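Quick note: the coordinates plus some simple rules give every number you see, no bench work behind them. Please read these numbers as outputs of a predicted model, since none were measured by experiment. Here Cβ is always computed from backbone atoms with ideal geometry, including for glycine, and neighbour counts include all displayed protein chains.
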Amino acid sequence: MKTLMAPWRMEHVAGEAAKLTGCLFEPPGNCSHSRDRLLLFRNKCTVVLLNRFPYTNGHLLVAPIDHIDSIVSLDSPSLSALMDTVSSATNILQKELRPDGFNIGCNQGEVAGAGIADHLHFHIVPRWEGDHNFMAVIGEVRSVPEHLLTTYDRLLPHFQALQQTTTAPEQSDE
Ligand SMILES: [Zn+2]
């Protein structure tokens, strides 16, 4: 299977992978946001999506632009950019949703619980006092599109402000 995937990775280098794989973390086009895809932010190095199957309200996914499956594959600037975005996204959640804490982490590999093991991504899960009860109740129902979009609309202006501070030169061609 790994061998079969190799040609796809070659095409990714040419910028074609998103069209071919339909990878969640590679939304087509260059737009910095898409409500349909729950894409909140995109710069040269990273994307931020609202998780369609959240553990709690505001559960974000932060991924590098490149379709890689291991943190070891990131060079130092890319790793730094990824962590900058994780930090900025956490700050936005703190300001807008005011949780009591966060789970921030990465499941690398299927055996470790990665839902999409092909493309490295970090989870930022806001936590509130007592949300264990909430999670147990909604455990099997989790996705509620109206709530997701409400959260999306609350978070988007913050990410657009971030976009302007981090990728100002890129904005003109959108
Ligand atoms: Zn990907």
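Descriptive notes on the structure:
- Along segment 24-32 the Karplus relation, 6.51 cos²θ - 1.76 cosθ + 1.60 evaluated at θ = phi - 60°, assigns HN-Hα couplings of 3, 8, 10, x, x, x, 10, 4, 7 Hz to successive residues, with x for each Gly and Pro.
- Proximity of backbone amide H atoms, modeled 1.01 Å from N, is registered between Ala114 and Gly109 at under 5 Å, excluding neighbours fewer than 5 places apart on the same chain.
- Rounded FRET efficiency, nearest 0.05, which uses the C-beta distance separating Thr165 from Ser76 and R0 of 22 Å: 0.50
- The ranking of Val125, Val72, Val48 from fewest to most other beta carbons within 10 Å of each one's beta carbon is Val72, Val125, Val48.
- Burial ranking of peptide ranges 74-82, 148-156, 57-65 (average Cβ count within 10 Å, highest at the top): 57-65, 148-156, 74-82
- Local electrostatic count, Asp100, Cβ distance below 13 Å [Lys/Arg +1, Asp/Glu -1]: 0
- Hydrodynamic radius of segment 30-167 per Kirkwood, over alpha carbon pairs, in Å: 15.3 Å
- Couplings 3J(HN,Hα) for segment 81-92, derived from phi with the Karplus relation 6.51 cos²θ - 1.76 cosθ + 1.60 (θ = phi - 60°), are 5, 4, 5, 4, 5, 4, 5, 4, 5, 4, 4, 5 Hz, where x marks Gly and Pro.
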